[in-house]
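One structure below.
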Amino acid sequence: MSTVTADKAPAEAGRNSVWSKRWERFRHNKLAMISLVFLALMAIACAMAGPIEHFTGIDANATNLLRRFRPPSAQHWLGTDDLGRDVLLRLLHGGQVSIAVGLLATLITAVIGIAIGVTAGYIGGQFDNILMRMTDCIIALPLIPVLIVLGAVDLTKIGLSPEAASSPAVVFLRIVIIIALVDWTTIARIARAGTITVRDVDYVRAATVSGAKGPYNVFVHVLPNIATPLIVAMTLSVGRIILFESTLSFLGFGIVPPTPTWGNMLTNAQQLIISAPLLAVYPGLLIFTTVMAVNFVGDGVRSAFDPRSETGSRSH
């Protein structure tokens, strides 16, 4: 009898763990779950662009003016564009770039924001004031014009060769860095607020009195206790950054053709909106649905990580 009870205890503890409860709350959010499945399918489809291109023998960047504006067919499921390129393959390749920019820029944004916010909150005093005034200055800047100005910077002026400056890898990294440099402020403020709260609790003070240094307290006590709002903020940032990248590409300051992104595909289609409206509908719809799905997942994560939502989930 005691053995059965002992065996059940770990399983029961696992079911009642914090992360299990959070998953349960997230799973009961139907809109967030549907959005998560949609994003997973979108990521898988974009990842399959290369194999599909190899299997079908179609080059997504190869032009053929003899097959311009072909309607959907068994060979070209979404037809071809004004240069005879397969629309579906270019959408999938463009999704790889747009999603990769969103994820990588979010990661860099989180590193910058957490480093500044935690440092300001933990040290405090005049150092905190300087970092937060710098953050206020970044927030006060008009975001889209700043992104456009930074995107128009000629990289050959800083020593890069014209070939390197125009290479897809450098252009991709430039867009990621530009967005990260101006979008870290929200995470920095969240990290600072959480750090100020945690640094004054008794166990952190006791660790300091016992000889624990600042880095130890930050990594062992502060960051684990402020991880919840930071995860939520990072989730919501992905959709916003995808939209930023699409805006830059649409305005001609992002990823340059022939490398496709949803933004520059939308730019190329704006002159064909009367003769071939679907060329604008496809990338625009993907941008809209992907950003909305990311935001719904972010809302679901926020609700799942909010302890106050546990009562609501029980009532259902």
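Nothing in this text is a laboratory measurement; each read-out follows from the coordinates by a stated rule. Note that the structure is predicted; figures quoted are calculated from it, not measured. Counting neighbours? That spans all protein chains shown, and the Cβs are built from the backbone with ideal geometry, glycine included.
Observations on the model:
- Tensor-based shape of the range 169-256 (alpha-carbon gyration tensor, a/c under 1.5 rounded, otherwise prolate or oblate): prolate
- Using 0.36 nm per residue and subtracting the Cα-Cα separation, the extra length available between Y203 and L251 on full extension is 12.1 nm.
- Summarising the label geometry, the points placed 7 Å from Cα in the beta-carbon direction at A43 and A100 lie 1.5 nm from one another.
- Phi angles of the range 66-75 translate, via the Karplus equation with coefficients 6.51, -1.76, 1.60 and θ = phi - 60°, into HN-Hα couplings of 7, 10, 5, 6, 5, x, x, 8, 5, 7 Hz per residue; Gly and Pro are given as x.
- The range 109-164 and the range 48-77 have their alpha-carbon centroids 41 Å apart.
- S210/L107 FRET efficiency (R0 41 Å; Cβ-Cβ; nearest 0.05): 0.75
- Extension gain for H28 to L66 (0.36 nm times residue separation, less C-alpha to C-alpha distance): 8.5 nm.
- In plain terms, the chain from Q126 to I139 could stretch by 2.7 nm, reckoned as 0.36 nm per residue minus the Cα-Cα distance.
- Residues of the range 88-103 with amide N under 19 Å of a point placed 7 Å along Cα→Cβ from F55: 88-96
- For the listed peptides 153-164, 193-204, a ranking on the average number of other beta carbons within 10 Å per residue, highest first, reads 193-204, 153-164.
- The phi torsions of the range 110-116, fed into the Karplus equation with coefficients 6.51, -1.76 and 1.60 and a -60° offset, translate into couplings of 5, 4, 5, x, 5, 4, 5 Hz, rounded to whole numbers, with Gly and Pro shown as x.
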